[in-house]
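First comes the structure, then the notes that go with it.
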Ligand code: SAM
């Protein structure tokens, strides 16, 4: 496959193209594609990752925003007639339109400038997704996978782990990309829970409760939930109000959200 066509990487589209064949092989091995599976790639770029997957699955859907990359992608992947290119913004894309024959798997070396809102957009389709493999800034992966008590544990960790099992797979250095990003990257696997271990009766309430809980990380729960939860509420919940928010697990936040919903 020739990737020699000129295309200046565009910062505004978060373009850092993977060129390290060893890393591409490792990512494809983690994804472990199977023939016939419906895998959707976000931001295929020039097709570095795409080819490793479609050579196995034979068909693939890709969502790319930069229309100038699409002819390059088509040339590079001309051997695969069942590549379906959606020229679209993944942030607005309705992924449920691709699920007519069952659940999809999602992959992508994501544009780092929009990776967190894009993950939240995808989580709204979690019932239709079997798993997701992403390359992200290492710090974002560390946040997604952080456990209670870890310094990076926060809103992103709680919301991601409410929906998914999160596995931090491996680190990728800047030298594997062209142009090299300023920071390390990492590969994460997010597997939506088939059966939700804890169910928030109102998702918006869970989001609000987690935001309030972490509004001041160094303050106690009593302080952060002032005017929302009393010591009596904490007693009913079996949660010590003198703890800091980073000590609570996903189940505690779901219980808090459901308790507040009940009070309203
Ligand atoms: N997958 C390629 C690779 O690994 O070499 C490119 C990865 S590059 C980090 C991110 C890709 O996402 C670029 O192709 C960029 O044009 C595309 N992109 C940026 N914003 C997007 C959006 N909102 N929707 C879809 N694709 C987007």
- Note on the structure: Selection from the range 87-101 of residues more than 10 Å from the ligand (Cβ to nearest atom) and at pLDDT 95 or above yields 94, 95, 96, 97, 98
- Note on the structure: Exactly one of 196, 159 is closer than 18 Å to residue 132 by Cβ and at pLDDT below 95, and that residue is 196
- Message: What's the total number of residues in the range 62-76 that are within 12 Å of the ligand (Cβ to nearest atom) and either surrounded by 14 or more Cβ atoms within 10 Å (Cβ to Cβ) or under 16 Å from residue 21 (Cβ atoms) (or both)?
- Response: 10
- Please specify each residue of the range 23-45 satisfying the condition of being more than 16 Å from the ligand (Cβ to nearest atom) and more than 20 Å from residue 170 (Cβ to Cβ). 34, 35, 36, 37, 38
- Query: All but one of (1) within 16 Å of the ligand (Cβ to nearest atom); (2) buried (at least 16 other Cβ atoms within 10 Å of the Cβ); (3) not in a strand (DSSP E or B) hold for residue 117; which doesn't?
  - Reply: (2)
- Would you confirm whether any residue within the range 180-187 is within 16 Å of the ligand (Cβ to nearest atom), without any contact (Cβ under 8 Å) to a residue 40 or more places away in the chain and either buried (at least 17 other Cβ atoms within 10 Å of the Cβ) or part of a helix (DSSP H, G or I) (or both)? no
- Every residue from the range 135-170 that is more than 16 Å from the ligand (Cβ to nearest atom) and in a strand (DSSP E or B): 164, 165, 166, 167, 168
- Residue set 55, 2; condition over 20 Å from residue 117 (Cβ atoms) and modelled with pLDDT under 95; output residue 2
- Message: Of everything in the range 120-134, what is assigned to a helix (DSSP H, G or I) and either surrounded by fewer than 21 Cβ atoms within 10 Å (Cβ to Cβ) or away from the ligand (no atom under 15 Å from the Cβ) (or both)? Give them in sequence order.
- Response: 120, 121, 123, 126, 127, 128
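The values are calculated or read from the model by the stated rules, or taken from the named source; none is laboratory data. All values reported here derive from a predicted model rather than from experimental measurement. With ideal geometry, Cβ positions are generated from the backbone for all residues, glycine too; neighbour counts draw on all protein chains shown.
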